[in-house]
Structure formats: C-alpha cells, structure tokens
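Reading through the structure tokens given below for one structure.
The values are calculated or read from the model by the stated rules, or taken from the named source; none is laboratory data. In this text the structure is predicted, and so the values were computed from the model without any measurement. Neighbour counts are summed over all protein chains in view; Cβ atoms, including those assigned to glycine, are modelled from backbone coordinates with ideal geometry. Accessible surface areas use protein heavy atoms only, side chains included; no ligands, DNA or RNA. Shrake-Rupley method; radii C 1.70, N 1.55, O 1.52, S 1.80 Å.
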Amino acid sequence: MVDVAVIQFAPSQDKQENLRTLRTLAAEAAGRGAKVVVAPEYAMFTAPRTDERIVESAEGLDGEFVSGLAATAKELDVHLIAGVNEQLPGDDHISNTLVALGPGGDIVATYRKLHLYDAFGYKESDVIRAGEIGAPETFAVDGLTFGMQTCYDLRFPEVTRRIVDAGADVLLLPAQWVPGPLKEDHWSTLVRARAIENTVYVAAADQSARTGAGNSMIVDPMGVTLASLGERVGTAVAEVSAERITEVREKNPALALRRFTVSEI
C-alpha cells in the first residue's frame, strides 16, 4: 500500500514563487503520509496564454527549477511529479514535460506530452513540440508501478492503455484543464473512465482557478473517487493498493478479455 497525494494550485509567471508553493503543499501532503506527490502540468510557469512567454521560461532538466524539485523530493523523502517547461536546444519550441523525482533527488522517469492542445480555441503546437512515441517510462514504489501522462492526452484512451500495458498500476495525471462549457464534466468523466476501463488507480492533479478547472481527484480501479479537492488550493491524499487492483480485476477482467491491442498510426 502507498499513500498518494495530488496537490492543486494556480502556478504564476514567477518560477520561484511556484516552487515555494509547490514545496509547501508537498510538505503538507508528506505530513499526511504521502509517499508519492503529484503536482499540476505547467507547475513551473503558467501564463494566461500559451505563447512566447512559455518558451522564454524554459529550462533544461538540469536547471534551477528541476533542481529545486529534486531538493524538495529529497528533503521530504517522497517521489515528486510535476510539469515543467523543458528547453529544447536549437529549437524555437519547448517540450511540455513531466518529471518524476525520487527520494534521492534523481530523475526516475520522464514523460513528454504526446497530444498537443490544439482545441477549444487554443493552439499549443505554436510553441510546444509533441513528445516522441516510445516505450512508456514507469517507476516503482513499495511494489506498485506508477506511470505518467499529461492533460489533453486524457482524451486519447490508447495513451493510458499503453501505459497500463507497460505495467502501471497507478496513472499519475498532471493537468492544466482549461475551464469552459462542460469542461469540468469532461474532466471528471474521462478521469473515471480511464480508471474503470483499465482497472487502475488514477491520481489527477489539475491547476486551480483561474488557469485550471480544479477538481483534482484520486480514483480507484472501480471508478470510486477516493479523494478530491473541488475548487480549492490544497492537497488530497488516498491509499492505493495492489490488493484492491486484484479484487477489481477478478470482478472485471476487462484487460484479460480484450481482443485488440494498441498500435501507432
């Protein structure tokens, strides 16, 4: 069993302030027993629009912000996952990247957003480079395997299925789910759907208003919401266990009964 936390806040254009807020909330979660702490997408820097400011904010994964995340993970003895704006040398675009820092401060897994948010009046591809499709990276904590994906990827069920096929028991989902008509309903429906159809836990950490729709949540393999945050800034913690996954898969062996696999276009 592992206690997992999602933390919810609205990152600003001040990277150091974002790091301080993230650390304060991660410390709160660790104080509640969390060993895995998930922060939102664009936790490093968020502007009102996805434009050149995002590019200017970017750093390498050996930069000051990720180093600060690493120090926090080490200090709190947790696995810490957050969305960063990763600089791509020689490119006028950046990568929307998730980093997972282990308790030793080392990067144990990365994920680069595959599907860019060119929808609902936004065009992320103007400044973001889509991640290359490769074998999903995972990491283990106390016998459970964790995988990652980002925000808009939630609308593409094959992304989650590939991560589950790579062995993930828990999906960690940082997001900046932009508010809008029916968007909160889409968010909660899709998060629960990915958990139910894959019989895994989903820990979804969204930004709070005004930049995000909030409603960060942790959902179990049967689709039960174990913890949620609504609109507020804060942390939510829930226990995930291999026993619950086994119990659910005995009742609903959907993964074993499927007749299709996922392939690249």
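Here is how the numbers come out for the structure above:
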| read-out | value |
| --- | --- |
| Filtered residue count, the range 91-100, keeping only those that are surrounded by 24 or more Cβ atoms within 10 Å (Cβ to Cβ) and over 13 Å from the mean Cα position of the chain (by Cα) | 0 |
| Subset of the range 133-157 [open to solvent by less than 50 Å² (accessible area, probe 1.4 Å) and more than 16 Å from the chain's Cα centre (by Cα)] | Gly134, Val141, Leu144 |
| Out of Tyr111, Tyr42, sole residue that is hydroxyl-bearing (Ser, Thr, Tyr), under 20 Å from Met217 (Cβ atoms) and not in a strand (DSSP E or B) | Tyr42 |
| Every residue from the range 202-219 that is closer than 24 Å to Val141 by Cα and open to solvent by 10 Å² or more (accessible area, probe 1.4 Å) | Met217 |
| Single residue of the range 15-56 satisfying the filter (polar (S, T, N, Q) and either within 26 Å of Thr138 (Cβ to Cβ) or modelled with pLDDT of 95 or more (or both)) that is farthest from the chain's Cα centre (by Cα) | Gln16 |
| Selected residue (only one of Thr50, Thr24 is assigned to a helix (DSSP H, G or I), among the polar types (S, T, N, Q) and within 29 Å of Pro179 (Cβ to Cβ)) | Thr24 |
| Residue that is free of Cβ contacts under 8 Å to residues at least 12 places away in the same chain and either touching an Asp or Glu at 6+ places or on another chain (Cβ under 6 Å) or open to solvent by 30 Å² or more (accessible area, probe 1.4 Å) (or both), where the choices are Val237, Val224 | Val224 |
| Residue check for Ala168: buried (at least 21 other Cβ atoms within 10 Å of the Cβ), in a loop (DSSP other than H, G, I, E, B) and aliphatic (A, V, I, L, M) | yes |
| Count - residues of the range 59-90 that are out of contact with any helix residue (DSSP H, G or I) (no Cβ under 7 Å at 6 or more places or on another chain), at negative phi and either open to solvent by 10 Å² or more (accessible area, probe 1.4 Å) or of a type outside the set (A, V, I, L, M, F, W, C) (or both) | 15 |
